[in-house]
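S.K.: Provided herewith is a single structure, encoded as structure tokens, for subsequent inquiry.
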Amino acid sequence: APDDLEGNMNALRYFKASRQLRVAASEVTGRLPLMKVSDELTFLAEVILEQALAMAWQDLVTKHGRPARQVDGERRPFGEAGMADCGFVVMGYGKLGGIELGHGSDLDLVFIYDSDARGATDGDRPLDCSVFFTRLGQRIIHILDTRTAMGPLYEVDMRLRPQGNSGMLVASYRGFDEYQRQSAWTWEHQALVRARVIAGDRALAERCEICRREVLRQARDAAALATEVREMRSKMRNHLLPRGSEERGEFHLKQGHGGIVDIEFMVQYAVLAWSHRTPELTDWSDNIRILETLSRQGLFTEQESRELVEAYISYRSAAHQLSLQQQPDVVNTELFGEERHAVSAKWQKLLGAPE
């Protein structure tokens, strides 16, 4: 029933479990290659997010009525055309934004509402519109990460929202736009490379994408940018890579030297450094297509792009297999020697210092 929130939450969990099992079986038996597996897992998350938004919206509207905006001096309620006109969007970052979800991936999310929303909802228990949208975000998180008998749907990470953990859970579009253009750190613009709207209001989604592309296409000092990227990569590795792991013969697929994150950081640097004169670099949010664009535009050689793509796919494929076995993404250093060498060589060439 539409008003049975708990029942719908359980239905979503059953749906996810059954679909994820089919994807895992197809991967193990070789019927689906890595890229298709990531596509399927990403599409699954997108469908669930769309449904979670619709469920949360219906629950709040039933209690408090619809929020509205002023159009030509008239009050026009949101949601008259469904979720495509709800004044709210869910943005996905990281693996979700980059269409690269794996088994057990969490969701990096940012919530944005229409900055023109004023006044209160039109129900018997009205809420200020800003409060309504904040509660909408809270309700979505509740639907996704509440631990029922079947566990949570997804772990949710909201730290990439403007101002991080100290910022509002749900940002107005105006606040998001101003923050990205005026206040965001370089690492936040790096994260924006892999961001895209997953669900919600279509017109607002278009405005968010315009903001994303314009911010990424700002001209930057390449040398200063390279320094900031190197420093952030060093901080991340020092914080997340276990000390002495390489001496113990361990290669961490994600954080190790020549690993996944090194490729991601090079792609992000390339987009931030060159998209002001090569805007095609902002057309995609996934690393593979960006690497292919870098090759087509002559910014990376064909061999460099091919080596990085092959290394990236090999690492992620190994990580997927380990995840299915509920093992950490760590392998022996004897594996992937050629891939690690190619990644590290390109890092030194591109960023001017060892990573």
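The values are calculated or read from the model by the stated rules, or taken from the named source; none is laboratory data. This one's a predicted model, so the numbers in the text were calculated from it and none came from an experiment. Here Cβ is always computed from backbone atoms with ideal geometry, including for glycine, and neighbour counts include all displayed protein chains. Heads up: the accessible areas ignore ligands, DNA and RNA and are worked out on the full protein's heavy atoms, side chains in. Shrake-Rupley method; radii C 1.70, N 1.55, O 1.52, S 1.80 Å.
S.K.: Can we say E27 is under 30 Å from K254 (Cα atoms), open to solvent by 60 Å² or more (accessible area, probe 1.4 Å), in a helix (DSSP H, G or I) and acidic (D, E)? Before you say what the answer is, go through the steps one by one.
M.R.: Values: under 30 Å from K254 (Cα atoms): yes; open to solvent by 60 Å² or more (accessible area, probe 1.4 Å): no; in a helix (DSSP H, G or I): yes; acidic (D, E): yes.
No: the conditions fail for E27.
S.K.: Do you know which of the residues in segment 312-336 that are surrounded by 20 or more Cβ atoms within 10 Å (Cβ to Cβ) and under 21 Å from the mean Cα position of the chain (by Cα) is farthest from M232 (Cα to Cα)?
M.R.: Ranking the qualifying residues of segment 312-336, first place goes to H320.
S.K.: If you don't mind, there's one more thing I want to ask. Report yes if some residue within segment 9-16 is closer than 26 Å to I210 by Cα and touching a helix residue (DSSP H, G or I) at 6+ places or on another chain (Cβ under 8 Å); otherwise report no. Spell out how you get there, then give the answer.
M.R.: Step one: list which residues in segment 9-16 are closer than 26 Å to I210 by Cα, which gives none.
No, segment 9-16 contains no residue that is closer than 26 Å to I210 by Cα and touching a helix residue (DSSP H, G or I) at 6+ places or on another chain (Cβ under 8 Å).
S.K.: Which count do you get for residues in segment 139-178 that are part of a helix (DSSP H, G or I), open to solvent by 20 Å² or more (accessible area, probe 1.4 Å), of a type outside the set (V, I, T) and touching a strand residue (DSSP E or B) at 6+ places or on another chain (Cβ under 8 Å)?
M.R.: Step one: filter segment 139-178 for residues part of a helix (DSSP H, G or I), giving 139-145, 164-166, 173-178.
From the residues that got through so far, the ones that are open to solvent by 20 Å² or more (accessible area, probe 1.4 Å) too are 139, 141-142, 145, 165-166, 173-175, 177-178.
If we keep only those that are of a type outside the set (V, I, T) as well, we get 139, 142, 145, 165-166, 173-175, 177-178.
Restricting the remaining residues to those that are touching a strand residue (DSSP E or B) at 6+ places or on another chain (Cβ under 8 Å) gives 145, 173.
The total comes to 2.
S.K.: Quick one: how many residues across segment 86-99 are part of a loop (DSSP other than H, G, I, E, B) and either open to solvent by less than 10 Å² (accessible area, probe 1.4 Å) or of a type in the set (S, T, N, Q) (or both)? It would help to see each step written out before you state the result.
M.R.: Of segment 86-99, the ones part of a loop (DSSP other than H, G, I, E, B) are 86-87, 98-99.
Then drop every residue that is not either open to solvent by less than 10 Å² (accessible area, probe 1.4 Å) or of a type in the set (S, T, N, Q) (or both), which leaves 86-87, 98.
Number of matching residues: 3.
S.K.: Scan segment 221-235 and tell me whether some residue there is within 20 Å of the chain's Cα centre (by Cα) and open to solvent by less than 50 Å² (accessible area, probe 1.4 Å).
M.R.: Yes, there is a match, as at least one residue in segment 221-235 is within 20 Å of the chain's Cα centre (by Cα) and open to solvent by less than 50 Å² (accessible area, probe 1.4 Å).
S.K.: Take A52 and decide whether it is closer than 28 Å to R161 by Cα and open to solvent by less than 40 Å² (accessible area, probe 1.4 Å).
M.R.: On the way: closer than 28 Å to R161 by Cα: yes; open to solvent by less than 40 Å² (accessible area, probe 1.4 Å): yes.
Spelling it out, A52 is indeed closer than 28 Å to R161 by Cα and open to solvent by less than 40 Å² (accessible area, probe 1.4 Å).
S.K.: Quick test of your reading of the structure: G104 fulfils all but one of (1) open to solvent by 30 Å² or more (accessible area, probe 1.4 Å); (2) modelled with pLDDT of 95 or more; (3) at positive phi. Name the failing condition by number.
M.R.: (2)
S.K.: Taking the condition in contact with a helix residue (DSSP H, G or I) (Cβ under 9 Å, 6 or more places away or on another chain), crowded, with 20+ Cβ neighbours inside 10 Å, at pLDDT 95 or above and among the small types (G, A, S), does S285 pass?
M.R.: When the stated conditions are applied, S285 passes them.
S.K.: Looking only at segment 179-208, which residues are open to solvent by less than 50 Å² (accessible area, probe 1.4 Å) and in a helix (DSSP H, G or I)?
M.R.: Those that are open to solvent by less than 50 Å² (accessible area, probe 1.4 Å) and in a helix (DSSP H, G or I): Y179, Q180, T186, E188, H189, Q190, A191, L192, L204, A205, C208.
S.K.: So which of E304, E339, E355, E292 ends up being surrounded by 14 or more Cβ atoms within 10 Å (Cβ to Cβ), at pLDDT below 95 and in contact with a Ser or Thr (Cβ under 9 Å, 6 or more places away or on another chain)?
M.R.: E355
S.K.: Which of the residues belonging to segment 79-115 are in contact (Cβ under 8 Å) with a residue 60 or more places away in the chain and small (G, A, S)?
M.R.: Passing the criteria: A84, G87, G92, G94, G97, G98, G102, G104, S105, S115.
S.K.: Can you name the number of the only condition in (1) crowded, with 23+ Cβ neighbours inside 10 Å; (2) within 30 Å of A68 (Cβ to Cβ) that P126 fails?
M.R.: Exception for P126: condition (1).
S.K.: Just give me the residues in segment 191-235 being without any contact (Cβ under 8 Å) to a residue 24 or more places away in the chain, of a type outside the set (A, V, I, L, M, F, W, C) and under 26 Å from E50 (Cα atoms), in sequence order.
M.R.: Within segment 191-235, E206, E209 qualify.
S.K.: Out of segment 243-260, which residues are over 21 Å from the mean Cα position of the chain (by Cα) and either at pLDDT 95 or above or surrounded by 12 or more Cβ atoms within 10 Å (Cβ to Cβ) (or both)?
M.R.: Across segment 243-260, the qualifying residues are S245, E246, E250, F251, H252, G256, H257, G258.
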